[in-house]
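Q: One structure coming up, written as C-alpha cells, with questions to follow.
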Amino acid sequence: MDASVDRGGDRWASHSRARDARTRAMTLTEAEQEVYDRQIRVWGLETQRTIGASRILVSFTCTEEDDDDDRGEKNASSTRASRGVAAETAKNVTLAGVGALTIRNDDRDDDASAYARTVGRDGNFLNVERADEYRAMGREPKDVTLASNMAQTLSEMNAFGKITAEDGGARGKKLYEEDADYFSKFDVVVACGYTFAEAEAINDLCRTSNCGFFGAFTGASARYFFADLGDAFEYVAGSGESVAAGVARYSRMSEALGARAGANDWTKLKKRASKIPLALRVVREFERRHSNRRATANDWDALDALRRELAGAFGASSEDIVDEASIRALLRPENDFPAMNAVVGGILGQEVLKRASRRGAPSVNAFFFDLASGQGFVHDFTP
Amino acid sequence: MEIDRARVARARVLAVGAGGIGCELLKTLALHGFENITTMDLDTIDVSNLNRQFLFRKRHVGMSKAEVARESVMKFQPRATIDATRANVKEARFDKEYFKSFDVVLNGLDNLEARRHVNRLCLAAEVPLVESGTTGYKGQVTVHERRTCACFECTEKPTPKSYPICTLRDTPDKPIHCVVYAKELLFSKLFGDVNTESDLDEQEAIEAGAFRRNEGETGTDFAKRVFAYVFGSKIEGLLLKDDMWKSRAKPTPLTTSGVGLDGAFTETLPDAKSARRAHGLLDTHAVWNTSECAKVFVSATARLIERERPVTFDKDDDDAMEFVTAVSNLRSANYGIPAQSLFDAKGMAGNIVHAVATTNAIVSGLIVIEALKIIHNQMDKTRYTFVLEHPSNGRFLQPLSKEDPNPKCSVCSNARVELVCNTNKFTKGDLIKKVLKGRLSVHAPSVMFGSSQIHETGDDLDEDEVEHYEALDKRTLSALPGGGVVNGTILAVDDFSQEFTFELMVTHREEWDEENDPDGFIIRGEDVKASEAVAEEATETEAAGAKDDDEVLLMDDEIEITDVKRAREDDDDAKASKKQRA
C-alpha cells in the first residue's frame, strides 16, 4: 500500500545514513514497529528511523503573558497560552517517536514552577496531577517542577526516546542567554512565548549551532510561528517515482521582520490575501519602538497611528491597508484558546518532523492561523 | 470570538468515538472549559493506537477506550465531568430522545455506517452535528443541521470497492486481487465455516477433495497438497481455457519441487510464535522469495488447520496474516504480479488507514471552534474546513462555506432512491443485506410493499414472523407475494432506530456485466446521477493521493471522505491561483 513511500524513503536514506548509524541501530525493534505501524504507513520506515535519532528542544515562557492568575473559576483557563502551544507541540513530536526531547520551562518564578499550582488551570494538558505517585516515590509534590512533571507525562507517551526536563530558573539563565554549545545538543529548537527580540536572539544562536529554529507566538485570536532552517535546507519530497530533492532558503527572523524589510508585502499584496502578515510587521515595529514591550489592546491608538505611518512609508496603495481586526488578532491574549493551540501545535509538530527527517517540503517561513478567517496559511517573509 | 464561560461549562456535548480524533477532541473540549461531556466508544485499546491516541498507555492495552480516555482527561482537567461508556452508538438505547439531550454532537468516528447512523439521529433530534475525518495528513471538519444546511449524506460518499469473482479466482492482475483471494476465498475455504458456500467449490476441486483434510493426514502434508492444487494443477487447468488468455499474459504453475517443498519439511524454530518466525523471517518489511512464501504457507496452514473451526480472519492474528501474505505472493508468482512485504499485505488485507497524531490534533481544534460557535448561537458563522497535505494557494487549512441541503438527498430531503437490478435473480435477502444495510447503512430496516410488510427487524418480533421474513429472503423480488416486486414498484423503507424513512423505486435490468458491476445492482437516483459525474472528476484531480485509498475495501480506522466538494474547490482554487499569476 505504501510501498512507494518506502522506496522513496530508501532512495533518500543515503543522505542521513551515516549519522543514523552512529546514533542508533539500523532497524527498529519489533515493539517500535508495532507502536509506530500506522505512521510508518504515512512516512515510511526510513523516516521513522531518522525521527528516532533526532534531538528536539521545546522551551516555553509566559512571563510576557499575564501569569498572575490564581483567581479560580473565571480565569481557570488562563492567559498562559504559550504553555498550551508548547504542550501540543511537545506531545506531537514525542508521539512521533523522537530520539530525545527536552522540555524547558524558562520562567524564573520559583513558585510558578511547582507543577501542582497550575494543574487544570491552563492549556497545559501535560501537567497532570500525580501527587499520590510522587508521594509513593518519597517525593514532596511541591518540590516537583512543572517541567519535570510535563517530562514525566511525555516519557509515558514515548517509551523509546529520552525525555529530559530543564528549568531556566535553576540554570540561572534564559534560553537566549545560553551559549552556542548548549544549542549544538539539538537538531531542532522550538521556542514558545518569547518576545520577538528574545526569539530573534535564540534564532541567531540556532544559526551558529546549525540547529533548526521555530518560534511560536500567541495572539488574542491568532497563533503563528516562524521557521529558520538555514540558507540552504536540503530535503526530499514526493513519493514513488516522483521523489525529488529540494532546497529551501530561509532567513533569520531578525532579517525577515527587520525595520526596513517587507517593502514588497506592502505594495504587492494580493487582493484576497490575509492582512495578518502585514499586521505582524506593525506589531513587530511597535515592540521595537517600545523597548520590546508586548502590545496589548490598551496600545490601540499608538498601533493605529503606526499602521498608517508604515503604510505611507512603504508606499502602500492605502493607509488603511492593514485593518484593525488583523492587528487586534495578534495582540496579547486576555484568555487562552486551547483549540487554536491544538491547530498550530499540529502544523508546528509536522514542520519540526520535516526538519528532523529532511522529508517533505518544509514551509517557508511562517504559518498563521486566525479565528476570524479560519485559514491556516503559510507566508514567506524572506527578504 | 467572545466566549461565555458559563455557557461553555453548561453545554451538553456528545463526543462519539474516543479513538484517534476522540482523544484529541476530549482533551481540547476539557481544556476549553466544557464540563458536561459524554463520550462512547465500542473499541478497546490496541498497541497500534499508541502513536497518536495520547491518552492511552501501554498498560491500558485491552481496556475500554472511552473509560481510559475519561480517566486520563480528569488528571489534567479535574473539573470536567465526562460520562464515558463502552458502547456502540447504534444501540437502540441511543435513540432520538437520547440525542435530544445534547446541545451539539461531535463525531470522531471511523466508519461510514456509524457516521450515517449518527447523522440520521441528529437530523431526527434536530441537534447540530460536527463531523470529522482524517487520513494521513489530510482531514476535514464539516457542520450539519436540519434545514439550515446540507446533512452529512447530501453528498455521495465513495462506496467500498468490490472485485468480480472471476478476476479474483482466475485472472488477477493486481496485488490487491491476490490479497482479497487469499483472505476472502482461500482462508475462508480452508479454515472458515464448513457449511458456507464458497466460490472455490468448483467441480474438479470437490471431486479431488482438494480442500478437505484426509483422515490421518498431517497438517504439513495437507498444506503441501493444497499448495499443489491451488498454485499448480488449478493453474494448469486454467491454461487449457484458450479464450481466457487471448488478451492476457498466461499464468505459470508452481510445483512443490520448484519451491523446495519436496522431501521432509522442517522449521528452523518450530516453537516460534508464528509461521514466518519458525523460518527465521523476522523483517516485516522484507519481501519473501517464492520458496520462503511456500514454507510460510505450509507452516501457517499446518498451524491454522489445527484450530477449532471456524477461524475468522483477523489482521492481527499472526498466522492468519502470514498465511494471507504467503498465498497472495504465491498467486502473484503465478500471475507475474509484484510480491508484497508482510507489512504492505497487512495494510491491504486489514484496510489499515494511515494515521498521525498531528492531523487529529488539528482536526480536534477545528471541531471545537465550530462547536463553540454552535453553542453561542452562531450557526451562521460555522463552516467547513479542509486540512490539506500540501498547501493550496499557501493554505494548509482551507475554510469553505457550508453547502445548502441537497433537495435530492434521500436522508434529509425525503428524495426517492432508485435500485436497478435483475428482479428475477435479485432476492429479498440481497435487498436487505447488500442494498439497505450494505450500501445505504440502514441499521434495522422495515420494508412495506403496497400494504404488506415484507421485512421487519427487531427483538420484539414473534418467532413465526421471523420465520416468515426469513423464508421471503430466499425469494427473488419478482416472486414476492402480492404480485412481485417488478420494474416500477415502489417500496417504503423505514428504520425506526434511525427515524429514517424513504421510498425505494425498483428498476428491472436483465443483463449484467460482472466486470463492470460485480455487485449485480446499482443504487441511483437523480442525486446520485448528478454527483457521479463530479465524483469521476474528483478521482482524477485527486489522482495519486486517492489511488491507494480506492483499493480499500472497508473503512477501518479514521477514514477519509474524498469529498466531491473538496476536490472541486481545490481545483477551483488551483485555477484561481493560476489566473492570478497570469
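The values are calculated or read from the model by the stated rules, or taken from the named source; none is laboratory data. This structure is a prediction, so every number in the text was calculated from the model and none was measured. Please note: Cβ atoms are built from the backbone with ideal geometry, for glycine as well, and neighbour counts cover all protein chains shown. Just so you know, the surface numbers come from the protein's heavy atoms only, side chains and all, with ligands and any DNA or RNA stripped out. Shrake-Rupley method; radii C 1.70, N 1.55, O 1.52, S 1.80 Å.
Q: Those residues that are assigned to a strand (DSSP E or B) and either outside the structural domain of residue A:212 (by TED's automatic domain parsing) or of a type in the set (A, V, I, L, M, F, W, C) (or both), I need them from the range A:227-257; list them, please.
A: Residues satisfying the conditions are A:227, A:233, A:236, A:237, A:244, A:245, A:247, A:248.
Q: Looking at A:191, A:227, which is the one that is hydrophobic (A, V, I, L, M, F, W, C), touching a Gly at 6+ places or on another chain (Cβ under 7 Å) and crowded, with 23+ Cβ neighbours inside 10 Å?
A: A:191
Q: Filter the range A:304-325 down to the residues that are assigned to a helix (DSSP H, G or I), more than 14 Å from chain B (Cβ to nearest Cβ) and surrounded by fewer than 24 Cβ atoms within 10 Å (Cβ to Cβ) and list them by number.
A: Result: A:304, A:305, A:306, A:308, A:309, A:310, A:311, A:312, A:313, A:324.
Q: Does residue A:343 satisfy being open to solvent by less than 20 Å² (accessible area, probe 1.4 Å), outside any loop (DSSP other than H, G, I, E, B) and under 24 Å from residue B:1 (Cβ atoms)?
A: Judged against the criteria, residue A:343 is a match.
Q: Residue B:74 versus (1) open to solvent by less than 10 Å² (accessible area, probe 1.4 Å); (2) at the interface with chain A (Cβ under 10 Å from one of its Cβ atoms): which is the lone unmet condition?
A: Condition (1) is where residue B:74 drops out.
Q: Let me ask you something else. Any residue in the range B:273-284 that is assigned to a loop (DSSP other than H, G, I, E, B) sitting within a Cβ distance under 7 Å of a residue that is among the charged types (D, E, K, R)? List the pairs, counting only those 6 or more apart or interchain.
A: Going by the 7 Å Cβ cut-off, the qualifying pairs are B:273/B:318; B:274/B:318; B:274/B:319; B:274/B:322; B:279/B:267; B:279/B:292; B:279/B:295; B:281/B:292.
Q: Follow-up. When you check residue A:216 against the structure, is it crowded, with 24+ Cβ neighbours inside 10 Å, over 26 Å from residue A:182 (Cα atoms), touching a strand residue (DSSP E or B) at 6+ places or on another chain (Cβ under 7 Å) and small (Gly, Ala, Ser), yes or no?
A: It is false that residue A:216 is crowded, with 24+ Cβ neighbours inside 10 Å, over 26 Å from residue A:182 (Cα atoms), touching a strand residue (DSSP E or B) at 6+ places or on another chain (Cβ under 7 Å) and small (Gly, Ala, Ser).
Q: Of all residues in the range A:361-383 being surrounded by fewer than 22 Cβ atoms within 10 Å (Cβ to Cβ) and of a type in the set (Gly, Ala, Ser), which is nearest to the other protein chains (Cβ to nearest Cβ)?
A: A:374
Q: If you go through the range A:289-300 one residue at a time, do you hit one that is charged (D, E, K, R), more than 14 Å from chain B (Cβ to nearest Cβ) and in a loop (DSSP other than H, G, I, E, B)?
A: Yes, the conditions are met somewhere in the range A:289-300.
Matching residues to (1) farther than 15 Å from residue B:431 by Cβ; (2) out of contact with any Lys or Arg (no Cβ under 9 Å at 6 or more places or on another chain):
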{"site": "B:446", "(1), (2)": "no, yes"}
{"site": "B:453", "(1), (2)": "no, yes"}
{"site": "B:457", "(1), (2)": "no, yes"}
{"site": "B:461", "(1), (2)": "yes, yes"}
{"site": "B:465", "(1), (2)": "yes, yes"}
{"site": "B:475", "(1), (2)": "no, no"}
{"site": "B:486", "(1), (2)": "no, yes"}
{"site": "B:490", "(1), (2)": "no, no"}
{"site": "B:493", "(1), (2)": "no, yes"}
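Q: Going residue by residue through the range A:266-278, is there one that turns out to be open to solvent by less than 20 Å² (accessible area, probe 1.4 Å), outside the structural domain of residue A:88 (by TED's automatic domain parsing) and not hydrophobic (A, V, I, L, M, F, W, C)?
A: Yes, some residue in the range A:266-278 is open to solvent by less than 20 Å² (accessible area, probe 1.4 Å), outside the structural domain of residue A:88 (by TED's automatic domain parsing) and not hydrophobic (A, V, I, L, M, F, W, C).
Q: Could you identify the single residue in B:270, B:251 that is farther than 22 Å from residue B:331 by Cβ, of a type outside the set (Asp, Glu) and either within 37 Å of the chain's Cα centre (by Cα) or assigned to a helix (DSSP H, G or I) (or both)?
A: None of the other options fit; the residue is B:270.
Q: Does the range B:350-370 hold any residues that are more than 9 Å from chain A (Cβ to nearest Cβ) and at pLDDT 95 or above, and which are they?
A: Within the range B:350-370, just B:370 meets the criteria.
Q: Is there a residue in the range B:85-103 that is within 29 Å of residue A:116 (Cβ to Cβ), crowded, with 18+ Cβ neighbours inside 10 Å and of a type outside the set (Ser, Thr, Tyr)?
A: Within the range B:85-103, none of the residues are within 29 Å of residue A:116 (Cβ to Cβ), crowded, with 18+ Cβ neighbours inside 10 Å and of a type outside the set (Ser, Thr, Tyr).
Q: Please return the ranges of helices (runs of 4 or more DSSP H) entirely within the range A:140-202 where 1 or more residues are within 14 Å of chain B (Cβ to nearest Cβ).
A: Qualifying helices (runs of 4 or more DSSP H): A:146-157.
Q: Any chance the range A:327-335 includes a residue that's in contact with a strand residue (DSSP E or B) (Cβ under 9 Å, 6 or more places away or on another chain) and closer than 30 Å to residue A:54 by Cβ?
A: no
Q: Restricting the first residue to the range B:1-18 and requiring it to be open to solvent by 60 Å² or more (accessible area, probe 1.4 Å), which pairs with a second residue that is part of a loop (DSSP other than H, G, I, E, B) and not polar (S, T, N, Q) meet a Cβ separation below 6 Å and a spacing of at least six or different chains?
A: What qualifies is B:1/A:371; B:5/B:33; B:12/B:102; B:12/B:103.
Q: Would you pick out the residues in the range B:272-281 that are open to solvent by 40 Å² or more (accessible area, probe 1.4 Å) and touching a helix residue (DSSP H, G or I) at 6+ places or on another chain (Cβ under 8 Å)?
A: If the condition is that a residue be open to solvent by 40 Å² or more (accessible area, probe 1.4 Å) and touching a helix residue (DSSP H, G or I) at 6+ places or on another chain (Cβ under 8 Å), then B:273 is the only one that fits.
For (1) surrounded by 20 or more Cβ atoms within 10 Å (Cβ to Cβ); (2) of a type in the set (A, V, I, L, M, F, W, C); (3) closer than 23 Å to residue B:125 by Cα, each residue gets a yes or a no:
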site: B:450; (1), (2), (3): no, no, no
site: B:477; (1), (2), (3): yes, yes, no
site: B:486; (1), (2), (3): no, yes, no
site: B:490; (1), (2), (3): no, yes, no
site: B:500; (1), (2), (3): yes, yes, yes
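Q: To continue, here is another question. Check residue B:303 against each of (1) in contact with an Asp or Glu (Cβ under 6 Å, 6 or more places away or on another chain); (2) free of Cβ contacts under 8 Å to residues at least 60 places away in the same chain; (3) part of a helix (DSSP H, G or I) and name the one condition it does not meet.
A: (2)
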